[in-house]
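Chemist: If you scroll down you'll find the structure; I have some questions about it.
The values are calculated or read from the model by the stated rules, or taken from the named source; none is laboratory data. What you are looking at is a predicted structure, and each value in this text was computed from that prediction instead of being measured. Methodologically, a virtual Cβ is constructed for each residue, glycine included, from the backbone with ideal geometry; neighbour enumeration extends over all protein chains shown. SASA here: full protein model, heavy atoms, side chains in, ligands and nucleic acids out. Shrake-Rupley method; radii C 1.70, N 1.55, O 1.52, S 1.80 Å.
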Amino acid sequence: MNTETRNGLAGRPVDSQKTLQIFSAIDEILAAEGIARLSIERIASTAKVSKVTLYRRFTNLEGVISAYVESFTQTALERSLSEMQSLGQFSPEQKLVRLGTQVMVLLSQPSVIAFDNAIAAAGPKFQGLKEELFRHGPQRVVREISAILSQSGVNSLSFTLAQLADMLFQLWKSDFYDELRFTGHMPLSPAQLEQHVLIRTQFFLNALERESGA
């Protein structure tokens with residue numbers, strides 16, 4: 001259940017188009033001015049909705065941003081994770097590559113990059129939102145990688161499944177993601193991105209095999 005549903009008035013229908021306007025306004029403000037300029041007044045003006053609408057739906061500024069975080073992380077990630085359930089007899093490598101490619105595509109979206117940069121630049125401000133972003137995004141990805149590894153009987157003498165999953169997640173992000181964050185330019189084509197994820201997944205699984213055979 002998202003913030004908007006929790007905070008909305010009982011029985012009042014939610015205008016999804018207006019919600020999209022609000023989230024698009026946040027995208028626009030973040031890209032042009034950064035998170036420091038976010039306010040109920042600024043969002044309302046940019047989205048062309050009333051401040052009353054924002055307060056009624058989300059209670060306060062943190063509620064608006066929390067719903068925004070959930071919309072571009074959890075919803076998008078749910079689509080990727082739900083698809084994993086249909087992969088059936090695919091090998092662990094195939095499942096990991098599919099998941100990794102989808103997650104990297106999600107993380108490469110301009111709105112995600114802009115928000116990630118804005119949150120990083122905010123320092124200690126919005127610490128609660130940083131933690132929420134981590135729970136909705138990286139932490140969920142790490143849990144899903146852990147589940148695939150566990151179902152496949154993968155283990156390590158040196159690391160827990162969660163640690164292994166985090167290592168693979170960081171490998172997927174290596175090389176290209178920092179460049180993307182700092183320049184705004186995606187250096188990889190879709191085919192190159194999938195190959196990037198494949199090579200790093202194979203490296204990771206081969207390293208585990210060598211460890212278990214040592």
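Chemist: Got a number for the accessible area of E41? Probe 1.4 Å, square angstrom, nearest 10.
Modeler: Spelled out: E41, probe radius 1.4 Å, area about 100 Å².
Chemist: How big is D, in µm² s⁻¹, for the range 85-214 by Stokes-Einstein at 25 °C and 0.890 mPa s if Rh is the Kirkwood radius over C-alpha pairs?
Modeler: Values: Rh = 15.8 Å.
This corresponds to a translational diffusion coefficient of 155 µm²/s.
Chemist: OK, next. By accessible area of protein heavy atoms, probe 1.4 Å, what ranking do H185, H196 get, highest first?
Modeler: If we order H185, H196 from most to least accessible, we get H185, H196.
Chemist: Enumerate by residue number the trypsin sites (Lys or Arg not before Pro) in the range 112-151 meeting two conditions: DSSP loop (anything except H, G, I, E, B), and at most 13 other Cβ atoms within 10 Å of the site's Cβ. Write down the numbers at each step before the final one.
Modeler: Values: sites: K125, K130, R135, R140, R143; in loops: K125.
Filter output for the range 112-151: K125.
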